[in-house]
Amino acid sequence: MLRNALEPWHLLVVVLVVVVLFGSKKLPDTARALGKSMRILKSEAKAMKDEGGTAPANTGAASDTAAAPVTGIVHPSTPSSPNGSTADSAR
């Protein structure tokens, strides 16, 4: 059924349609962008693969709390009330 499904003249027609649709001036830019995207994808996939193999074996709760960001820092010079207002604005 699918014997001789993709012959050389099929590829020629596809190339001709692409050139007509996109124009010959945009094709080099498009090819360059596609190549750059493929390189980025390849490097990210490699980084993820390398990252998975070099993960630290220590995954205890102490390491999770050490990596957590510190939020809600209150400076001693500006004490605040529980509702978020400063002591001066409550007067």
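The values are calculated or read from the model by the stated rules, or taken from the named source; none is laboratory data. Owing to the predicted nature of the structure, the values given are computational and were not obtained by experimental measurement. Virtual Cβ from ideal backbone geometry, glycine too; neighbours counted across all protein chains shown. The protein model used for the area step is the full one, side chains on, heavy atoms only, and it has no ligands, DNA or RNA in it. Shrake-Rupley method; radii C 1.70, N 1.55, O 1.52, S 1.80 Å.
Here Ser63 meets the list (1) modelled with pLDDT of 55 or more; (2) open to solvent by less than 70 Å² (accessible area, probe 1.4 Å) almost entirely, failing just condition (1). Taking residues in the range 5-25 that are open to solvent by 70 Å² or more (accessible area, probe 1.4 Å), and partners anywhere that are not acidic (Asp, Glu), the pairs with Cβ atoms closer than 8 Å and at least 6 places apart or on different chains are Phe22/Thr30.
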